[in-house]
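Q: Below is a structure I'd like to ask you about.
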Amino acid sequence: MPRDKEYSYAHNRYLLLLSLLFALEFILLAFTPFDRHDWILENVLVLLAVLFFATTYKTFPLSRISLTLIFLFLYLHEVGAHYTYAEVPYEAWGQSLFGISLNGLFGWERNNFDRVVHFLYGLLLAYPLREFFLRVVDVKGFWGYFFPLLVTMASSMLYELVEWGAAVYFGGDLGMAYLGTQGDVWDAHKDMLLATIGALLAMILTAAINAALQKDFGREWMHSFRVKHKLPLGENALMRLWRQRRRK
């Protein structure tokens with residue numbers, strides 16, 4: 001079997017395994033969730049993501065590292081969707097499995113499952129975003145680390161706005177369950193900060209690995225800051241486009 005076909009076969013098998021594991025979890029946790037309406041709201045974006053990956057996996061196959069990171073995040077998200085993020089019983093699990101209080105261990109005073117998942121949103125999904133930017137946008141050097149961080153921050157902010165809009169639209173217990181602030185007026189700000197910290201750590205770790213293995217790492221970073229097109233844009237670009245149009 002040719003090497004590229006052998007890799008494709010192994011890659012597809014791994015993708016199928018992750019898909020089956022996620023489908024199994026999704027089906028099991030779809031039964032008797034803590035709040036059915038909140039579960040539906042939490043899974044709207046998940047179903048859109050699954051649809052996106054299902055339609056693009058052939059034209060844009062992600063690495064197994066990226067697939068694993070996305071799987072881990074979605075797996076944890078489904079736990080939060082089943083219980084609602086504010087009611088995930090990790091305290092009871094810690095006591096039952098290890099005989100310890102996780103809140104006591106970390107000095108937490110609230111259910112912080114949502115905070116952990118926001119941190120993991122940045123930590124786990126920044127690398128798949130980096131893969132997109134490198135393979136599609138063709139960024140190099142510093143920008144291959146900065147743009148994934150930037151998109152993580154922007155998407156985290158956008159999600160907080162979606163949460164706020166949904167809470168206002170649905171109102172009542174459903175709105176509060178979906179928003180999950182637990183009385184903290186700075187909840188959205190802290191969530192965005194944690195996602196940013198997670199993404200920053202992911203990019204620092206990725207950069208450290210590449211710096212150790214990539215011989216031209218420093219040269220690529222320096223080149224990424226150089227001006228690639230010396231002519232200014234704005235009105236100058238508009239004039240050039242206008243002249244080109246008139247010539248045609």
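Q: Within the stretch 61-72, is there a residue that is of a type in the set (S, T, N, Q), touching a residue at least 60 places away in the same chain (Cβ under 8 Å) and closer than 24 Å to D114 by Cα?
A: So far as the stretch 61-72 goes, yes, one or more of its residues are of a type in the set (S, T, N, Q), touching a residue at least 60 places away in the same chain (Cβ under 8 Å) and closer than 24 Å to D114 by Cα.
Q: Name the residues in the stretch 59-77 that are part of a helix (DSSP H, G or I) and not aromatic (F, W, Y), would you?
A: Answer for the stretch 59-77, where residues must be part of a helix (DSSP H, G or I) and not aromatic (F, W, Y): R64, I65, S66, L67, T68, L69, I70, L72, L74, L76, H77.
Q: Inside the stretch 19-68, can you point out the residues that are over 22 Å from L123 (Cα atoms), among the aliphatic types (A, V, I, L, M) and crowded, with 16+ Cβ neighbours inside 10 Å?
A: L29, L41
Q: Provide a single number: the residues in the stretch 96-118 that are assigned to a helix (DSSP H, G or I), touching a helix residue (DSSP H, G or I) at 6+ places or on another chain (Cβ under 9 Å) and under 24 Å from P33 (Cα atoms).
A: 8
Q: Moving on to the next point. Please indicate, with yes or no, whether at least one residue in the stretch 49-58 is assigned to a helix (DSSP H, G or I), over 26 Å from H11 (Cβ atoms), touching a helix residue (DSSP H, G or I) at 6+ places or on another chain (Cβ under 8 Å) and modelled with pLDDT of 90 or more.
A: no
Q: Take the conditions touching a helix residue (DSSP H, G or I) at 6+ places or on another chain (Cβ under 6 Å), of a type in the set (S, T, N, Q), within 30 Å of M222 (Cβ to Cβ) and surrounded by fewer than 19 Cβ atoms within 10 Å (Cβ to Cβ) and apply them to S155. Does it pass?
A: The answer is no for S155.
Q: Looking for something of a type in the set (A, V, I, L, M), at pLDDT 90 or above and either within 19 Å of the chain's Cα centre (by Cα) or at positive phi (or both) - is there at least one such residue anywhere in the stretch 86-103?
A: no
Q: Let me ask you something else. So which of K228, K248 ends up being closer than 30 Å to L125 by Cα, without any contact (Cβ under 8 Å) to a residue 60 or more places away in the chain and of a type outside the set (F, W, Y)?
A: K228
Q: Another question, if that's okay. Right, R226: assigned to a helix (DSSP H, G or I), of a type outside the set (G, A, S) and out of contact with any helix residue (DSSP H, G or I) (no Cβ under 8 Å at 6 or more places or on another chain) or not?
A: The answer is no for R226.
Q: Residue check, S66 against (1) at pLDDT 95 or above; (2) among the small types (G, A, S); (3) more than 26 Å from T152 (Cβ to Cβ), all met but one. Which one?
A: If we test S66 against (1) at pLDDT 95 or above; (2) among the small types (G, A, S); (3) more than 26 Å from T152 (Cβ to Cβ), just (3) comes out false.
Q: Any idea how many residues of the stretch 120-145 are part of a helix (DSSP H, G or I) and either closer than 20 Å to A49 by Cβ or free of Cβ contacts under 8 Å to residues at least 12 places away in the same chain (or both)?
A: Residues flagged as part of a helix (DSSP H, G or I) and either closer than 20 Å to A49 by Cβ or free of Cβ contacts under 8 Å to residues at least 12 places away in the same chain (or both) within the stretch 120-145 amount to 18.
Q: When the stretch 85-115 is examined, which residues are found to be β-branched (V, I, T) and surrounded by 20 or more Cβ atoms within 10 Å (Cβ to Cβ)?
A: If the condition is that a residue be β-branched (V, I, T) and surrounded by 20 or more Cβ atoms within 10 Å (Cβ to Cβ), then V88 is the only one that fits.
Q: Picking from E91, E87, E25, which residue would you name as being of a type outside the set (V, I, T) and under 20 Å from L194 (Cα atoms)?
A: E87
Q: One residue is enough: does the stretch 121-144 have a residue meeting the conditions surrounded by 20 or more Cβ atoms within 10 Å (Cβ to Cβ), over 25 Å from A86 (Cα atoms) and touching a Lys or Arg at 6+ places or on another chain (Cβ under 7 Å)?
A: Scanning the stretch 121-144 turns up at least one residue that is surrounded by 20 or more Cβ atoms within 10 Å (Cβ to Cβ), over 25 Å from A86 (Cα atoms) and touching a Lys or Arg at 6+ places or on another chain (Cβ under 7 Å).
The values are calculated or read from the model by the stated rules, or taken from the named source; none is laboratory data. Treat the numbers as computed from the prediction; the structure is a model and nothing was measured. Note that we place each Cβ from the backbone using ideal geometry, even for glycine, and neighbour counts take in every protein chain shown.
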